[in-house]
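Asks: Take a look at the following structure, please.
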Amino acid sequence: MRKAVRFRVLYLLFAIATYALGFILLPETINSSFDQILSAGFLFAYFIVLPALFWYCVIKVGEQKKWKIIIPFSLASVVARYSMPVSLASYFEFLSWVRYPVIAVLLIIEFVVIYHVVSMLWKSRKLKGDPRINALIDNIDADDKKREITLIMASEPASWYYAIPKFTRNHTATLANLSLLSAKRWHFALVLLGLVAVTCVSYSLLILWSEIAAIIVASVIFYGIISVTASHRISRHFSVYCHNNHLIVNASFFNLLFIPLSDLQACEAGKWECDKEQLKVGRGTANIKLTFSAPVYWFTLMGTFCERPTEVYLCVDTPNDLVESLNSGYLTLGDSSTEKTSDNIDKYARD
């Protein structure tokens, strides 16, 4: 695990532990000096310690944009509203008034997303690639914030695009497949079972508190079946391919490597034992090394985080074929590669 990922996980675990302890330990009312000290300590942890940890672990070490510091402050305000004693929680009562315009905005966004998804799916009848890639190509020269938001928005129609086999019948031909656990059918079945189990458990726990909350949370969790299905089909059939003079490497649906072929300096086959700081995509020993003349884009968690590596290692099933295709200049013809394996695409569309 690379340093940037380790520090993100460290922050996530510390934040979860802090918020959970706050809900468990904080009293409903302040009745003693100990309650005052305990409440002050958690306020300090919410608004000082966690944002400072986020700044170091995510922004500094992970090289993310500074504006993302609003995330821990926003989350701390919400948690403080529902975990602090009544006398302190009242200072965060404004969140109760803010929620109504927020709900209205979210509903508007939801309708816009639905329209966007439907229109993108309709266009997907003739598309030869991932809707996210088309969006990235159109916004590659935009600022980082706009590009990441565009990728996140495009992830919704992309999940439906890959989850429904009929839409991928015109997909650009695959050059190689990454060695990924998510490509295994038994793994896909286990994840689906786990998703159903988590949905049922969340509903059973929340129904005692609020029926509406139980339905909403359970529905959101179960909706993940679309992304899980898309992730399996991407991992199994469309993990490494070329589209519009860009080499695309999909480490499942949630991680994407976007490489302009003009920035691809070298592609080598061999065996490399990568250390923790080197970016390796795929399970097992790396057998492909990609070197770039300029930093490329490595998007994780559906575009939530973006890194700019200059060197990437892959573990694929046919390394020699991939090297031959890239080094021969075959991919400079763009989507003409589809013609070479149109029979395979038809097979993938039926899977």
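The values are calculated or read from the model by the stated rules, or taken from the named source; none is laboratory data. Note that the structure is a prediction, hence the values are computed from the model and not measured. Here the Cβ positions follow ideal geometry from the backbone for every residue, glycine too, while neighbour counts run over all protein chains shown. Surface accessibility is based on the protein's heavy atoms, side chains included, excluding ligands, DNA and RNA. Shrake-Rupley method; radii C 1.70, N 1.55, O 1.52, S 1.80 Å.
Asks: Could you please find all residues in the range 254-287 being closer than 12 Å to Tyr313 by Cβ, open to solvent by less than 60 Å² (accessible area, probe 1.4 Å) and in contact (Cβ under 8 Å) with a residue 60 or more places away in the chain?
Replies: Cys267, Gln278, Leu279, Val281, Gly282, Gly284
Asks: Here's another thing I want to ask about it. Could you list, in sequence order, the residues of the range 249-288 that are among the hydroxyl-bearing types (Ser, Thr, Tyr) and under 21 Å from the mean Cα position of the chain (by Cα)?
Replies: Result: Ser252, single match.
Asks: Also, quick follow-up: So Leu106 passes all but one of these: (1) modelled with pLDDT of 65 or more; (2) farther than 30 Å from Pro27 by Cβ. Which condition number does it fail?
Replies: So Leu106 meets the others, but not (1).
Asks: Right, Phe23: touching a residue at least 60 places away in the same chain (Cβ under 8 Å) and open to solvent by 100 Å² or more (accessible area, probe 1.4 Å) or not?
Replies: yes
Asks: If only one of Ile221, Ile152 is free of Cβ contacts under 8 Å to residues at least 60 places away in the same chain, in contact with a Ser or Thr (Cβ under 8 Å, 6 or more places away or on another chain) and open to solvent by 40 Å² or more (accessible area, probe 1.4 Å), which one is it?
Replies: Ile221
Asks: Okay, next question. Suppose we filter the range 173-225 for residues that are part of a helix (DSSP H, G or I), of a type in the set (S, T, N, Q) and closer than 27 Å to Ile248 by Cα; how many remain?
Replies: Total satisfying the criteria: 1.
Asks: Mind checking which pairs have a first residue in the range 297-325 that is at positive phi and of a type in the set (A, V, I, L, M, F, W, C) and a second that is surrounded by fewer than 17 Cβ atoms within 10 Å (Cβ to Cβ) and part of a helix (DSSP H, G or I), Cβ under 9 Å, 6 or more apart or different chains?
Replies: Going by the 9 Å Cβ cut-off, the qualifying pairs are Met302/Ile152.
Asks: Also, I was wondering about something else. Return a yes/no flag: does the range 173-182 have any residue that is aliphatic (A, V, I, L, M), over 16 Å from Ser239 (Cα atoms) and touching a residue at least 12 places away in the same chain (Cβ under 8 Å).
Replies: no
Asks: Quick one: would you say Ala163 is closer than 26 Å to Gly284 by Cα, surrounded by 12 or more Cβ atoms within 10 Å (Cβ to Cβ) and in contact (Cβ under 8 Å) with a residue 24 or more places away in the chain?
Replies: Judged against the criteria, Ala163 is not a match.
Asks: Next question. Take the range 227-285 and flag every residue that is small (Gly, Ala, Ser) and in a helix (DSSP H, G or I).
Replies: Result: Ser227, Ala230, Ser231, Ser235, Ser262.
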